[in-house]
Structure formats: structure tokens, C-alpha cells
Amino acid sequence: MNSPPTDKAISYAGYRLPPDVISYAVWLYYRFPLSLRMVEEMLAARGIEVTYKTVRRWAVKFGLHTARRIRSSAVACGDRWYLDEAAITMNGKHHWLWRSVDQNGLVLDILVQSRRDRRAAERLMRKLIRKHNLTPRVMITDKLKSYAAANKDMGLKFEHRQHKGLNNRVENSHQPTRVREKVMRRFKSPRQLQRFSSVHDQVANQFMHCRYNRDAKVKRELRKQALAAWNVAACATMM
């Protein structure tokens with residue numbers, strides 16, 4: 001995932017603080033379960049005075065740009081896809097966060113929708129196929145009938161396994177979102193959830209391989225590579 005991104009370079013022109021500070025703040029916010037105010041205090045401890053509102057603007061603008069560049073330089077996804085949906089309550093109304101991961105645990109894409117039916121499943125599958133320009137060899141879901149109905153309507157031909165126990169990989173990938181939901185005291189709107197998750201999952205993909213490795217030397221090397229890849233994607237070296 002260290003190849004140079006093909007997306008347009010990020011410009012930090014016109015900002016009071018240097019790119020390394022902005023990149024560091026954005027990385028902190030999306031990499032760890034921190035609130036905007038926590039990031040503000042962490043920067044203040046280093047003598048950098050900004051408000052949490054400034055951090056929010058940085059996270060929205062530069063987070064999306066960086067995630068797009070990470071995605072453009074990512075390796076090809078696997079051929080076994082796991083799909084699942086999680087209920088997220090916003091303003092007293094249920095929405096559904098549809099997510100797909102491959103056999104390596106990398107998040108392929110997410111889509112926030114108000115329904116949990118055939119059309120919603122079809123929207124996610126069309127988005128995945130269009131974005132990755134391929135169809136999976138195997139698709140694994142829970143027993144929700146909407147997936148099979150969407151497959152039939154789209155005329156897709158691949159192995160479809162429906163079993164709750166086989167779907168743990170993608171169900172576990174919802175956990176970081178649940179943690180952030182608590183830290184942020186619930187998401188405020190579907191747009192905010194879609195925007196945040198689109199960036200958060202790409203950053204998580206970037207650092208996933210260096211998290212659970214038991215060999216300390218290998219872990220340090222993978223972390224070094226992931227941080228270098230972040231610097232390339234963010235067009236800035238973190239402070």
C-alpha cells in the first residue's frame with residue numbers, strides 16, 4: 001500500500017499552521033477513538049493552540065482527500081466478500097450502516113441507508129462492483145433475504161453463503177464504529193456517519209497489518225511502513 005497515489009496532491013496553502021501539524025491532527029482523530037476536544041488538548045500540550053472547531057474543519061477537508069489517496073494506492077481487494085448491516089440510531093430514527101470487508105479484513109466500502117431491504121442491498125453491491133471493477137468469487141452474508149433477492153435481480157453468478165456464524169469477520173468490523181459512536185455521543189446525521197466512516201475505515205485499512213502481529217520487530221517495521229504511506233497520502237510529514 002506504499003505505492004504513490006494517483007489522486008491529485010493535497011494543498012495546504014492559506015493555512016496558518018504548517019502541513020505537518022494539520023496532518024498529525026487529522027491522523028490522531030481518525031486513527032484513535034478521540035473526540036475533537038481531546039485532539040485539541042493533545043495539540044495544546046505541544047504548544048499548538050487551535051480550537052476543536054478548527055480540528056473538525058481539518059478532519060472533514062483533509063481527511064476526505066487523504067482517504068481518497070489511500071484508496072487510489074491500495075492493493076487489489078480479495079475475491080471473498082463479507083457483507084453485513086448494523087443499526088445506527090440518529091435523532092431517534094434507525095438507519096443502517098451497510099459494510100463489506102474481504103477475507104483479509106480490509107474494509108471495501110460502506111453505505112449509510114434508511115432501509116434494510118432488497119433495494120438497499122442492491123445499492124451496496126452495485127457500488128462495490130463499480131468501485132472495485134470486479135465481482136467476488138464468494139459472497140458471505142447473514143440470513144437476511146434481501147441479499148439473495150438483490151443477487152437475483154442483478155443476475156450475478158457467484159457462490160453465495162448465508163450463515164450467521166460465517167459472517168463474524170464483517171460483524172467485528174462494526175466494533176470501531178460503535179466505539180466512536182460513544183465517544184462522539186452519537187452521530188448527528190446520515191451524512192456525518194457516511195463521511196466519517198468513509199475516512200475512518202480507509203485509515204484503519206492503512207494500519208491494520210501492524211496491529212496484531214506478535215513479532216515485535218516485524219510489527220515495528222510494518223508500523224513504520226504504514227506511517228510512511230500515511231505521509232505520502234497526506235502530502236505531509238507528521239510532526
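Summary of values
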quantity	calculated
Any hit, the range 48-55, residues being farther than 23 Å from Arg178 by Cα and of a type in the set (S, T, N, Q)	yes
Criterion: among the small types (Gly, Ala, Ser), over 16 Å from the mean Cα position of the chain (by Cα) and not in a loop (DSSP other than H, G, I, E, B) - qualifying residue of Ala87, Ala59	Ala87
Top-ranked residue of the range 25-41 - restricted to ones that are assigned to a helix (DSSP H, G or I) and aromatic (Phe, Trp, Tyr), ranked as farthest from Gln206 (Cα to Cα)	Tyr29
Close pairs (6 angstrom Cβ cut-off, 6 or more residues apart or separate chains): of a type in the set (D, E, K, R) in the range 26-52, part of a helix (DSSP H, G or I) anywhere	Arg31/Val203; Arg37/Tyr52; Glu40/Tyr52; Glu40/Val55
Residue check for Glu122: within 22 Å of the chain's Cα centre (by Cα), of a type in the set (Asp, Glu) and outside any strand (DSSP E or B)	yes
Some residue of the range 28-39 being within 30 Å of Tyr12 (Cα to Cα), outside the structural domain of Leu144 (by TED's automatic domain parsing), touching a His at 6+ places or on another chain (Cβ under 6 Å) and surrounded by 14 or more Cβ atoms within 10 Å (Cβ to Cβ)	yes
Only one of Ala74, Ala44 that is small (Gly, Ala, Ser), surrounded by fewer than 21 Cβ atoms within 10 Å (Cβ to Cβ) and either outside any helix (DSSP H, G or I) or modelled with pLDDT under 95 (or both)	Ala74
Residue match in the range 10-19 (condition: part of a loop (DSSP other than H, G, I, E, B), out of contact with any Pro (no Cβ under 7 Å at 6 or more places or on another chain), surrounded by 18 or more Cβ atoms within 10 Å (Cβ to Cβ) and touching a residue at least 40 places away in the same chain (Cβ under 8 Å))	yes
Output for the range 144-166, where each listed residue is under 14 Å from Arg123 (Cα atoms) and of a type in the set (Phe, Trp, Tyr)	Tyr147
The range 124-135 residues that are under 19 Å from Leu97 (Cβ atoms), paired with ones that are assigned to a helix (DSSP H, G or I) (beta carbon under 7 Å, 6 or more apart)	Met125/Ala150; Met125/Met154
Verdict on Leu108 being surrounded by 14 or more Cβ atoms within 10 Å (Cβ to Cβ), free of Cβ contacts under 8 Å to residues at least 40 places away in the same chain and among the aliphatic types (A, V, I, L, M)	yes
The range 214-233 residues that are closer than 17 Å to Ile10 by Cβ, paired with ones that are aliphatic (A, V, I, L, M) and modelled with pLDDT under 90 (beta carbon under 7 Å, 6 or more apart)	Ala229/Met1; Asn231/Met238
Lone qualifier among Ala148, Ala120 - being over 25 Å from Phe187 (Cα atoms) and outside the structural domain of Gln202 (by TED's automatic domain parsing)	Ala148
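This table checks each residue for (1) more than 28 Å from Ala44 (Cα to Cα); (2) assigned to a loop (DSSP other than H, G, I, E, B); (3) aromatic (Phe, Trp, Tyr).
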position: Arg186; (1), (2), (3): no, yes, no
position: Gln192; (1), (2), (3): no, no, no
position: Arg195; (1), (2), (3): no, no, no
position: His200; (1), (2), (3): no, no, no
position: Val203; (1), (2), (3): no, no, no
position: His209; (1), (2), (3): yes, no, no
position: Val218; (1), (2), (3): yes, no, no
position: Ala228; (1), (2), (3): no, no, no
position: Met238; (1), (2), (3): no, yes, no
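Here's the yes/no breakdown for (1) farther than 23 Å from Trp58 by Cβ; (2) buried (at least 16 other Cβ atoms within 10 Å of the Cβ); (3) not assigned by TED's automatic domain parsing to the domain that holds Lys61:
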{"position": "Gln113", "(1), (2), (3)": "yes, yes, yes"}
{"position": "Leu124", "(1), (2), (3)": "yes, yes, yes"}
{"position": "Gly165", "(1), (2), (3)": "yes, no, yes"}
{"position": "Arg178", "(1), (2), (3)": "yes, no, yes"}
{"position": "Val203", "(1), (2), (3)": "no, yes, no"}
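The values are calculated or read from the model by the stated rules, or taken from the named source; none is laboratory data. Note that this is a predicted model, so its numbers are computed, not measured. Don't worry about glycine lacking a Cβ; one is built from the backbone with ideal geometry, like all the others, and counts go over all protein chains shown.
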